[in-house]
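Since the structure comes first, as structure tokens, the remarks are kept for the end.
We did not get these values from a lab; they are worked out from the coordinates using the rules stated. Note that the coordinates shown come from a computational prediction; the quantities given were computed from them, not determined experimentally. In this analysis, Cβ positions are derived from the backbone assuming ideal geometry, glycine residues included, and neighbour counts consider all displayed protein chains.
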Amino acid sequence: MNEIKQVKGTGVPLLLDDIDTDRIIPARFLRCVTFDGLGEHAFEDDREQDPKHPFNNPKYQSGSVLVAGRNFGCGSSREHAPQSLMRWGINAIIAQSFAEIFFGNCTALGVPTVTASAEATEKLCKMIEADPQLEIEVDLEKMQVTAGDFSCPVETVASSRDALLSGQWDFLSLLLENKPAIQKTADSLPYMKQFA
Amino acid sequence: MTAKQNLFNKVWDLHNVGTLPTGQTQLFIGLHLIHEVTSPQAFEMLRDRGLKVLHPERTLATVDHIVPTDNQARPFQDLLAEQMMSQIEKNCREFGVTLLDISDNRQGIVHIVGPEQGLTQPGLTIVCGDSHTSTHGAFGAIAFGIGTSQVAGVLATQTLALSKPKVRRIEVNGDLAPGVYAKDVALYIIQKLGVKGGIGYAYEYAGDVFDRMTMEERMTVCNMSIEGGARCGYVNPDQTTIDYLRDRPQSPTGKAFEKASEWWLSLASGPDAEFDDVVVLDAADIEPTVTWGITPGQSIGITDKVPHPEDFPESDRPGIREAYEYMGLEAGQSLQGVKVDVTFIGSCTNGRISDLREAARLVQGHHVAPGVKALVVPGSQQVLKQAVEEGLDEIFREAGFEWRAAGCSMCLAMNPDKLKGREVCASSSNRNFKGRQGSPTGRTLLMSPAMVAAAAIKGYITDVRELEAPVGV
Ligand code: SF4
């Protein structure tokens, strides 16, 4: 797996709270057996109802750094949500806060998710709206976001940061390494032996 | 295990395989439940890497989300649903996992099937690619939803990489008033602590109200932990838990059951247990509760008025206004009298036999209001069978309800049961998100199944405590 240290790209401003995963990818698009093709349906219903939705705006079509509000990705555990954002072209998300399952899913896909203050996210969104071509850099080493002459500190979960920086965000390989320890834990649990 | 440890920490420690280089815990998983929506890509990941399922005997699959609840003839009319169904059948065959498909009388919503079969037990770690896995915490298990990449990890290693959350004890003391149900307790807790309040926490539910609740009621509350931001919620195992588990198909038997019971009880948080946070609520403050917005935290007691945006901190107001606009409601209005087009009784929150019994008791002798489409969808085939044995299906049909086969149905939009246009639905499910019930503009009001039954009869939202018994009953 590749090490993910910095992600650079233009921004997409979406400063709303409590954006749930049903909105990111409506359930009818979960009728599939692969994640292929989910990208084009990201925020489909929101886009339909709001012509001004940032995902409709030609200015942001090449944006890859999403800036969001509080509790982003709440609700359903569907990995289809980060998959659809990733396939749309989003490579990093800066939000005021994240829902936990969504956060973990993003890390497992190699999409850095960092939190910044309300002030910083508001400022970033204003800057993106003023200049959609502005390059934004999410730096996981420095734990900082930079855009033009603006920069602000960001936070994330230490284990997620370590995993991305060291290229170990594909947890499956890590988990597979500890077979004997897994067996030992299994043997110590009374229910594994049917309480015999 | 020390006296100061709460149940969560005891169970966590017992399942701790070790610390990963990323600092997370590698946690052993006692029971892995899977369904057709979030598993196909996980099995594909296993195939790609040439991996097997490590503990197929600790894994159980069922189908629920895409299952049609009226015409169940195969192949399904929805070809995408048929494809998903064939895929899970193929995957389970190939990897040796037991599948309860629609031809099996144990099939149903995954969170109803696990407890009903006796697979959900205290002291287990339970995961499923589904956020309402928190339901299983009712037994004193650590149970939470995971993403598809993690499903692949659990299939291959029976473990998961996770950071330990903090634990908040939520005590609800005193007595619930008549007409106030477990669903109201769940909605009230989320209203008080917020939809973000539980982020980073596991919730321990305790106090008089939970001590007295049946297992089914505990499941309703634990189910909605995730709507309050908590990935996991649990109730300590007690005699009620043990009585429920005795003689279930997959429960231990004989001596083993006695040993198991002893172990289960030993895991409960004791009087000296420590918590990262404690919240105490009074049962007397809880009314029949209904949501008015587009998150499960946006709710009021049925005798209250929809709040004004000014009642909230400034940063919340845009979201509140967005909710009013979407719902077509106004600040200061009552929810009583809001007309409904559809009513839905079912889902993993409220699709169990006790929910159907209570709703049937209320609708007996009444009739669904003209123009209202009223659905009753049992959560599993076992619930359906029990309801038919008790004649509940007849009561519902006579009252003008549609009686359906088991599945997720109108809880979400993956099967033919959907809202149309801007229809308003009184629903016993768990999410009132925009578009959740299948129409991108459809509107959902969450409430207890009893309140849904009352809305079906009246044709509008009403206080279930005022539904009079029909003459002659
Ligand atoms: S009933 Fe609803 S919440 Fe429960 S598993 Fe099915 S879709 Fe998910």
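Structure data summary
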{"read-out": "Some residue of the range A:102-111 being within 11 Å of chain B (Cβ to nearest Cβ) and among the β-branched types (Val, Ile, Thr)", "value": "yes"}
{"read-out": "A:Ala181 being at the interface with chain B (Cβ under 9 Å from one of its Cβ atoms) and in contact with a strand residue (DSSP E or B) (Cβ under 7 Å, 6 or more places away or on another chain)", "value": "yes"}
{"read-out": "Strands (runs of 3 or more DSSP E) wholly inside the range B:21-104 that include at least 1 residues being over 24 Å from B:Val377 (Cα atoms) and polar (S, T, N, Q)", "value": "B:25-28, B:59-62, B:98-100"}
{"read-out": "Pick from the range B:398-443, criterion hydroxyl-bearing (Ser, Thr, Tyr) and more than 11 Å from chain A (Cβ to nearest Cβ), ranking: farthest from B:Asp463 (Cα to Cα)", "value": "B:Ser409"}
{"read-out": "The range B:121-137 residues that are within 7 Å of chain A (Cβ to nearest Cβ), paired with ones that are within 12 Å of the ligand (Cβ to nearest atom) and part of a helix (DSSP H, G or I) (beta carbon under 6 Å, 6 or more apart)", "value": "B:Ser131/B:Ile226"}
{"read-out": "B:Thr69, sole failed condition from (1) out of contact with any Ser or Thr (no Cβ under 8 Å at 6 or more places or on another chain); (2) over 21 Å from A:Val33 (Cα atoms); (3) more than 12 Å from every other protein chain (Cβ to nearest Cβ)", "value": "(1)"}
{"read-out": "Answer residue from the range B:106-120, given it is away from the ligand (no atom under 13 Å from the Cβ) and within 14 Å of another protein chain (Cβ to nearest Cβ) and is nearest to B:His55 (Cα to Cα) among those", "value": "B:Leu119"}
{"read-out": "Subset of the range B:251-281 that is touching a residue at least 40 places away in the same chain (Cβ under 8 Å) and over 25 Å from B:Lys166 (Cβ atoms) - its residue that is surrounded by the most Cβ atoms within 10 Å (Cβ to Cβ)", "value": "B:Ala260"}
{"read-out": "Residue match in the range A:126-144 (condition: within 14 Å of chain B (Cβ to nearest Cβ) and surrounded by fewer than 20 Cβ atoms within 10 Å (Cβ to Cβ))", "value": "no"}
{"read-out": "Search result, residues across the range A:1-55 that are part of a strand (DSSP E or B) and either within 12 Å of chain B (Cβ to nearest Cβ) or touching a Pro at 6+ places or on another chain (Cβ under 8 Å) (or both)", "value": "A:Val7, A:Thr10, A:Gly11, A:Val12, A:Pro13, A:Leu14, A:Asp20"}
{"read-out": "Selection from the range A:152-178 of residues that are aromatic (Phe, Trp, Tyr) and more than 7 Å from chain B (Cβ to nearest Cβ)", "value": "A:Trp169"}
